[in-house]
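Notes to accompany the following structure.
The values are calculated or read from the model by the stated rules, or taken from the named source; none is laboratory data. Note that the structure is a prediction, hence the values are computed from the model and not measured. Counting neighbours? That spans all protein chains shown, and the Cβs are built from the backbone with ideal geometry, glycine included. Just the protein is used for accessible areas: all its heavy atoms, side chains included, with ligands, DNA and RNA removed. Shrake-Rupley method; radii C 1.70, N 1.55, O 1.52, S 1.80 Å.
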Amino acid sequence: MSRKKNARLLTGAVLLLALLAALFLLAPRKADFGRLKARDDYNVILITVDTLRADRIGCYGFDRIETPTMDLFAARGVKFERAYGPTPLTLPSHTSLMTGTLPAHHGVRDNGGFVVPAELATLAELYKAKGYATAAFVAAYVLDSKWGLDRGFDHYFDQFDLSRFERISLGSVQRPANEVLDEALPWIEAHKDRPFFTWIHLYDPHTPYEPPPEFAARYPNNPYLGEIAYTDSQLGRLWDFLAGHGLTDDLFLVFASDHGESLGEHEESTHGFFVYEAAIHVPLIFVTPFDRLQGVSTAQVSGLVDVLPTLCEMSGLAVPKDVQGRSLVPAFFKPKKTVRALAYAESFYPRFHFGWSELKSVQDGRWKLIMAPVPELYDLRADPGEQKNLVYLERKVFDDLSAEAERFIEKAGLNAIEVDLTKIDEDTREKLAALGYIGSFTDLSRDEGRALANPKDKIGVFNELSRARELGMSGNAEEGARIIRGIIEQDPDIASAHFSLGNIYFKQRKFPEAVEAFKSSLELKPDDSFTVINVANAYLSMGRFEEGEAFVLEYLGKGFSDPQLYHLLGNMNVSRKNYDKAAGYFEESLSRNRDSAGSHNALAAIYIIKDDLGRAEEHVRSALALNPKLTSVHYNQAQIFEARGDLRAAAEAYSEELASSPRHFKALFNLARVYRKMGRTDDERTTLQAALEAEPEFPLTYFYLARIRLNQGEGYEDAVALVKKGIELKPDKTDLALGYFLLADLYNRLGDGRLSMDYARRGQALAAETSGRR
């Protein structure tokens, strides 16, 4: 009996174990990328298309456009139908995407003036730490490396040259998608044999809407759609390249936008001002090689802050402690099982630029609250166009969502990172001010307790002011100034209106009027260093140097101790060749901001002029350690090498400068000189030609190009024309003597002895005169 009983028990135990095993195998498993992946190091490509509305793409339901590549991404991936950018501005939104934190935490709340905090880990840093090759290719200056998103990237392609612009908004400095991909594709090919993380940023849907002719013809009455269709064609080029190189089977690709475009809805023509759906609803698609995760669509509310933690789970990376987003991987596997979540968005643009109230919003997929002086509540299911404000009709929903929003925003701002505006190098700030950029270097605390205007009530003023600026920049300055004067007459407290009027007057060379307009702006926004810079520049343009210096010193005497302004005073004195006084100002700037790479570099330039190469080298090294991409730092380093006779090192340093500033005329001219000393005539000629294109008004470039022809015994007539063109530009007497001697030699070669003797006498007379002065 006992044997039979034991046998039955054993059989029962075996059956039980078999049943448990079957249940385990058949039971639904937790969503886990590890079960799908054949390896841990899938390549990752992040694509962000600037200013792309989700509801203008085929796969998001828009049937009046052809977007086959974006549609392919949706067919091969997981599409989030209700994804949101945290702000309708490029740099803050990308900062949230790259760090997984909201603007209330990372502090980057506008384009220009803000730098991504070094305390926050970026996606690139996370992948680099895992051994990935990393590269970024960006299409707009607003994402230039100086704003801080380059951290963690082995290669960051930006290289925007502000020198060719007379006036800018940050968004106007851009490059088309084909140029971005021309850089990105070779890099991917070169790194395809190791894991890589690549960010590709395309900017074409941003204003101005100027699609290539083929796409302009395809969408004749809607250039915005033409830009999107063109962008899609370039994405098709990228995908074909990836498929052709066998890279799609081991690839995670994320496709997103930073924000949308209002296109006239709610009277906003573009973006940045409001937080309605048109400006913040963005596409978000995760493409993987896994069949199970292709053609999936979910209504889960999500945000760009969720991209980082999602990629971390997909790639097996640890999520940094500061991250405020959440992984969206569960929605990949259960797209219909949505969980309630809040999406947050804000715009501080009205506050920073106009002194009007900021806007904040939260939504849960159905209800959307806009927190403004006059709050707004919308039922997005019934009213996707946000036309009917339900604040009073749905009071309980409004009260509950308002309380929830307050808690959400308070939590998002816990342990917020303090913004440090000194991280922008001084030369960049001065250049932006001179180019008419209206910065956001302002202290919000001064508005505490004040009733601020509702942006919705000011959209007409905003549109008129924007139109006036465009008129001013495009050549119709009188009409632009007239419009702004009318705005000021109606509302004299708009600082940016006075500032914009000052810019127009400056462009018209009406410098006294510009000074008055800038001073009016400064009265309303007294902590704006940009305005102080422009007042000083207006005085300098009138030749009233002492008044300009006195104005800046008087401003500093009022307690505004911005290190930028001491740097400005240094530059003003350099322009007057008051080098000792300039050095004192740069030293003062350093005493107030020891991380001022610009002041170190400026001191290096002064010590090079003074032939104190030892001290110059000390400051160049300090500047390089603080900011190796600072304009002219490699140029100054090259001058030191050249002065010491190290021509190879000088050529390398000049070339390094030109890699980031291709139109740096002085670097081009000096590099040509080094090539001449090294006997590299072909390189000298090519570099001189580039210098001529960068600065056609410099006489010596023409003379040296002519001298190459003279030395090579060819092209004498062309050489004569070059020298005469240089002489027309009125060089100083020493250089003019060189021009005359060149003509004397050239006419001698051409057999015209009379002209040869004539120019020789002129050259000798000037040489004697200048030598007597010395």
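Gly645 falls short on exactly one of the conditions (1) at positive phi; (2) within 28 Å of the chain's Cα centre (by Cα), and that condition is (2). Please work out if Ser599 is crowded, with 16+ Cβ neighbours inside 10 Å, under 18 Å from Asn636 (Cα atoms) and not hydrophobic (A, V, I, L, M, F, W, C). Judged against the criteria, Ser599 is a match. Restricted to the stretch 469-484, and to residues there that are in contact with a helix residue (DSSP H, G or I) (Cβ under 7 Å, 6 or more places away or on another chain) and over 17 Å from Gly272 (Cβ atoms), the residue that is surrounded by the fewest Cβ atoms within 10 Å (Cβ to Cβ) is Glu479. The residues listed here are Phe286, Phe255, Phe274, Phe332; of these, the one that is of a type in the set (Phe, Trp, Tyr), assigned to a helix (DSSP H, G or I), surrounded by 21 or more Cβ atoms within 10 Å (Cβ to Cβ) and in contact with a strand residue (DSSP E or B) (Cβ under 8 Å, 6 or more places away or on another chain) is Phe332.
A quick yes/no check of all residues on (1) surrounded by fewer than 23 Cβ atoms within 10 Å (Cβ to Cβ); (2) at pLDDT 85 or above:
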| residue | (1), (2) |
| --- | --- |
| Glu119 | yes, yes |
| Tyr127 | no, yes |
| Ala133 | yes, yes |
| Leu143 | no, yes |
| Lys146 | yes, no |
| Tyr156 | yes, yes |
| Pro176 | yes, yes |
| Glu183 | yes, yes |
| Phe197 | no, yes |
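Among the helices (runs of 4 or more DSSP H) confined to the stretch 459-534, the ones with at least 1 residues that are out of contact with any Lys or Arg (no Cβ under 8 Å at 6 or more places or on another chain) and within 22 Å of Asn571 (Cβ to Cβ) are located at 495-507, 511-524.
For the stretch 609-639, the candidate set comprises residues that are β-branched (Val, Ile, Thr) and either open to solvent by 30 Å² or more (accessible area, probe 1.4 Å) or outside any helix (DSSP H, G or I) (or both); within that set, the residue that is modelled with the highest pLDDT is Ile609. Scanning the stretch 525-548 for residues that are touching a residue at least 24 places away in the same chain (Cβ under 8 Å) and more than 28 Å from the chain's Cα centre (by Cα) returns Tyr539, Leu540, Ser541, Met542, Phe545, Gly548.
Only a single criterion out of (1) part of a helix (DSSP H, G or I); (2) under 19 Å from Phe80 (Cβ atoms); (3) small (Gly, Ala, Ser) is not satisfied by Gly365, namely (1). In the stretch 307-325, is there at least one residue being more than 26 Å from Ala129 (Cα to Cα) and outside any loop (DSSP other than H, G, I, E, B)? Checking the stretch 307-325: not a single residue is more than 26 Å from Ala129 (Cα to Cα) and outside any loop (DSSP other than H, G, I, E, B).
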